[in-house]
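The values are calculated or read from the model by the stated rules, or taken from the named source; none is laboratory data. Source: prediction; values computed, not measured. Reconstructed Cβ throughout: ideal geometry from the backbone, glycine too, with neighbour counts over all protein chains shown. For the accessible areas, the whole protein counts, side chains as well, though only heavy atoms, and no ligand, DNA or RNA atoms are used. Shrake-Rupley method; radii C 1.70, N 1.55, O 1.52, S 1.80 Å.
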Amino acid sequence: MDLGECSKIHDLALRADYEIASKDRDLFFELDAVDHLESFIADCDRRTELAKKRLAETQEEISAEVAAKAEKVHELNEEIGKLLAKSEQLGAEGNVDEAQKVLQEVEKVRSRKRDAEEEYRNSMPASSFQQQKLRVCEVCSAYLGLHDNDRRLADHFGGKLHLGFIQIREKLEQLKKTVAEKQERRNQERLKRREEREREERMRKRTRSRSRERRRSRSRERRRRRSRSSSREKRRSRSRDRERRRRHRSRSRSKGHRHSRDRSRDRDRSSRHK
């Protein structure tokens, strides 16, 4: 797929800087990457569905039994193509022994494919069997033929388009997992902060409640002190009043005694005078 030149800056140093910075804080550029890759996958899946509908309209309809046998041949073709692509990659990397082992597996799959093709051929007329039965690759939306040779299969499954979509799909799943983990971590941190705020609020409420209780207690204590002081003052006042009344009565009695003595002396003097 020719998408043109990428407008982004591809620099390994910037990538390293981002990876270091993302350890300290979440920059969430993964979300942009997820959206970008999802657009590729959505476009590919849409082309796949359109191609399937087109094949269903143009190809001769076959029974479910024959379709199942054809599907088995397609699956074996896909397995052969993947093994051949893997063998070529191992050979390019210098792993000749591993490549030979993969080729041996290819021969086993080819034998199974021949048996599957024989079953498919016997289940339908010869004229219909010669027609090319196509299917759509679920990974990259390319067409695959039932009678494709090994070279065609290897070119497809080892090609850049197919491998590129495999890489995109794998990367997309990895990014979705990373984003989900980060969102879960942020949710946990948000929940933790909320619990801390609620705990602090409860502490402040308890502190305010204790402060109000202390103020009430001090107020009650002041009222009690004022009440005791007032009671003492009243008792002192009553005591002073009683003392004043007692002194007043005492002075009144003393004054009465003096007047009585004065009158008695006056009578005595008057008697003597007479």
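How much FRET efficiency would the formula 1/(1 + (r/R0)^6) give for Arg190 and Phe40, where r is the Cβ-Cβ distance and R0 is 45 Å, rounded to 0.05? Mind showing how you got there, number by number?
Numbers: r = 32 Å, r/R0 = 0.71.
Efficiency for this residue pair is about 0.90.
Figure the gain on full extension for Arg212 and Arg199 (residue separation times 0.36 nm, minus the Cα-Cα span) and round it to one decimal in nm.
On the way: separation 13, 0.36 × 13 = 4.68 nm, distance 1.97 nm.
Difference between extended and current length: 2.7 nm.
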- Task: Using a 10 angstrom cutoff on alpha carbons, build the Gaussian network for the chain and name the most mobile of Val179, Val96, Val73.
- Result: Val96
- Message: Between helix 64-92 and the chain, what is the angle of the helix's C-alpha long axis to the longest principal axis, kept within 0 to 90° and rounded to the nearest 10?
- Response: 90
- Item | Accessible area per residue in Å² at 1.4 Å probe, computed on region 131-219 | 70
- GNM flexibility winner over the chain from Tyr143, Tyr18, Tyr120 (Cα, springs under 10 Å): Tyr18
- Message: To check my understanding: the extent here is largest minus smallest coordinate of the Cα atoms along each principal axis. What are those three numbers for region 4-148, in Å, largest first?
- Response: 66, 44, 27
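Between Lys8 and Arg54, take the C-beta separation as r, use R0 = 30 Å, and let me know the FRET efficiency to the nearest 0.05. The partial results should precede the final answer.
On the way: r = 35 Å, r/R0 = 1.16.
Using R0 = 30 Å, I get an efficiency of 0.30.
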- Message: For percent of Cα pairs over 23 Å apart, pick the label among (i) 60; (ii) 77; (iii) 64 that corresponds to the value derived from the coordinates.
- Response: (ii)
- Expressed in angstrom and ordered largest first, the alpha-carbon extents of region 76-198 along the principal axes are 78, 41, 22
- Hey, if you put +1 on the Cβ of every Lys and Arg and -1 on every Asp and Glu Cβ in the chain, which of Thr207, Val179, Cys44 ends up farthest toward the positive end of that dipole? Thr207
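Using r as the Cβ-Cβ distance of Thr178 and Glu75, and R0 as 41 Å, what FRET efficiency do you calculate, to the nearest 0.05?
Details: r = 32 Å, r/R0 = 0.79.
Once the sixth-power term is evaluated, E becomes 0.80.
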- Task: Whenever you get a sec, compute what percent of the accessible area on the chain sits on carbon and sulfur atoms (1.4 Å probe).
- Result: 48
- Of region 154-185, those with amide N under 19 Å from the point 7 Å along the Cα→Cβ vector of Glu105 are 154-159, 163, 166-167
- Task: Leaving ligands, DNA and RNA out of it, work out the accessible area of Thr178 with a 1.4 Å probe and give it in Å² to the nearest 10.
- Result: 40
